[in-house]
Amino acid sequence: MPDWDAVIIGGGPAGLTAAIYLGRFRRQALVIDDGTGRAERIPKTHNHPGFPGGIEGDTLVARIREQAAEYGANFLKACVTDLKREDAGFLLETSQGEIRAPFVILASGSKDNDPALPGVESAVDRGLIRLCPICDAYEVIGKRIGILGNGPKGVREAQFLTTYSDDVTLIHLDPENPLSPDDKSTLEREGIALMESVIDAVHIENDAIEAFDIGGEEHRFDVIYGALGLTPRSELAHRAGAATTDDACMKVNAHQETSVSGLYAAGDLVLGLNQISIAQAEGAIAATDIHNKLRAMEREDGRIREPLPDECPPQKAG
Ligand SMILES: Cc1cc2nc3c(=O)[nH]c(=O)nc-3n(C[C@H](O)[C@H](O)[C@H](O)COP(=O)(O)OP(=O)(O)OC[C@H]3O[C@@H](n4cnc5c(N)ncnc54)[C@H](O)[C@@H]3O)c2cc1C
């Protein structure tokens, strides 16, 4: 007999939203989290609907967690180290022991490929180094923006940021692989400066300015965007045999189910836009499908039954 109706791996916006829905479906859900999520890195989100004036990432996560607890969600602080498909569901190995469940939602997010700069964590916290222009470029309108990136991805991110500032510089980090002539002419056409020299030193000054010494010269920016991508935390899905894209993002169907029956994925590790609102929507979809599947199983083994025709409520007179 499994311990839980569903186990959710990851207590970020995706996993906790799934926990709220499962709790309100009167299901026993366990959220396992190791406390290393992206949402908690957000200094303040201004694009998440429902929070005029914005809300800090850790406050938002704490509030969603509190709401999940109101509906009976259970929490375990642990790291899930292995996930196996078994006949009746899944076996999870965790730093706190083994857990079994018929359904699993993988909501383990992605890891930012942070730029290798000194003091990066505190600079992210202060909004001096940023990682997601879709999230927060509105907050840097008119500022001097540097983008640390390579190849076409760096070029695309620089192009995106020209909506917000006329002072955009792509700092191309990989001198071994210079930009193509096409990429260079795109930058020129869009008024984006290019630096291809090696970074010697970085100084983060006060609250606003970062000074970069590149090839001996000093360049100043108000804000730096890291455009080095994300690594989806999909190792557990691989171990359970679920399909991913070439970039290790989870592939799911319209109900967020992966190629392994009973294993769902929601949030940043799924192919698509990495945003809180999307993660939450995917968590809600996964939880609803699991509840429907549990109901079907209960109907099949006689734990619930359909009402007989004469038990139907009387029809309203026409
Ligand atoms: C600096 C920054 C600013 C951002 N700003 C915004 C913004 O303004 N608006 C917006 O919409 N989005 C923003 N984002 C993106 C947003 O944070 C993500 O889209 C969102 O957090 C995705 O939610 P998630 O639940 O999928 O993943 P996460 O929030 O990353 O949560 C995943 C959870 O899984 C847990 N976990 C992972 N692996 C395991 C394991 N093996 N065992 C146990 N637990 C595990 C982690 O501890 C974590 O708590 C920002 C991101 C960053 C980094």
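The values are calculated or read from the model by the stated rules, or taken from the named source; none is laboratory data. Only a predicted model underlies this, so the values are computations on that prediction, with no experimental measurement involved. Ideal geometry is used to build each Cβ from the backbone, glycine not excepted, and the neighbour counts take in all protein chains shown. When the accessible area is computed, the model is the full protein with side chains, heavy atoms only, and any ligands, DNA or RNA have been set aside. Shrake-Rupley method; radii C 1.70, N 1.55, O 1.52, S 1.80 Å.
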Within the stretch 1-16, is there a residue that is within 16 Å of the chain's Cα centre (by Cα), farther than 22 Å from Gly97 by Cα, surrounded by 15 or more Cβ atoms within 10 Å (Cβ to Cβ) and more than 6 Å from the ligand (Cβ to nearest atom)? no
For Leu22, only one of the following conditions fails: (1) away from the ligand (no atom under 13 Å from the Cβ); (2) surrounded by 22 or more Cβ atoms within 10 Å (Cβ to Cβ); (3) part of a loop (DSSP other than H, G, I, E, B); (4) not hydroxyl-bearing (Ser, Thr, Tyr). What is its number? (3)
Residues of the stretch 235-279 that turn out to be touching a strand residue (DSSP E or B) at 6+ places or on another chain (Cβ under 6 Å) and on the phi > 0 side of the Ramachandran plot, as a count: 3
Could you list, in sequence order, the residues of the stretch 49-63 that are open to solvent by 20 Å² or more (accessible area, probe 1.4 Å) and near the ligand (Cβ under 7 Å from one of its atoms)? none
Got at least one residue in the stretch 263-273 being hydroxyl-bearing (Ser, Thr, Tyr), outside any helix (DSSP H, G or I), closer than 19 Å to Val104 by Cα and modelled with pLDDT of 95 or more? yes
Going through the stretch 28-48 one residue at a time, which ones are assigned to a strand (DSSP E or B) and either open to solvent by 80 Å² or more (accessible area, probe 1.4 Å) or touching a Phe, Trp or Tyr at 6+ places or on another chain (Cβ under 6 Å) (or both)? Leu30, Val31
Within the stretch 153-176, can one find any residue that is closer than 21 Å to Thr45 by Cα and open to solvent by 60 Å² or more (accessible area, probe 1.4 Å)? yes
Could you tell me which numbered condition Ile147 fails, if it satisfies all but one of (1) at pLDDT 95 or above; (2) open to solvent by less than 10 Å² (accessible area, probe 1.4 Å)? (1)
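Here are Ile214, Ile290: which of them is over 23 Å from Thr36 (Cα atoms) and modelled with pLDDT of 95 or more? Before you say what the answer is, go through the steps one by one.
Values: Ile214 fails: modelled with pLDDT of 95 or more.
Sole residue among the options that is over 23 Å from Thr36 (Cα atoms) and modelled with pLDDT of 95 or more: Ile290.
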Can you work out which of the residues in the stretch 236-253 that are buried (at least 17 other Cβ atoms within 10 Å of the Cβ) and assigned to a helix (DSSP H, G or I) is farthest from the ligand (Cβ to nearest atom)? Ala240
Return a yes/no flag: does the stretch 254-264 have any residue that is touching an Asp or Glu at 6+ places or on another chain (Cβ under 6 Å) and open to solvent by less than 40 Å² (accessible area, probe 1.4 Å). yes
All positions within the stretch 64-73 that are surrounded by fewer than 17 Cβ atoms within 10 Å (Cβ to Cβ) and in contact (Cβ under 8 Å) with a residue 12 or more places away in the chain: Gln67, Glu70, Tyr71, Gly72
Could you tell me whether Glu70 is farther than 25 Å from Arg26 by Cβ and among the charged types (D, E, K, R)? no
Being of a type in the set (A, V, I, L, M, F, W, C), surrounded by 14 or more Cβ atoms within 10 Å (Cβ to Cβ), within 23 Å of the chain's Cα centre (by Cα) and assigned by TED's automatic domain parsing to the domain that holds Leu30 is the requirement here; does Ala137 meet it? no
Anything in the stretch 95-126 that is modelled with pLDDT of 90 or more, within 11 Å of the ligand (Cβ to nearest atom) and buried (at least 17 other Cβ atoms within 10 Å of the Cβ)? List them, or say none. Ile105, Leu106, Ala107, Ser108, Gly109, Ser110, Asp112, Val124
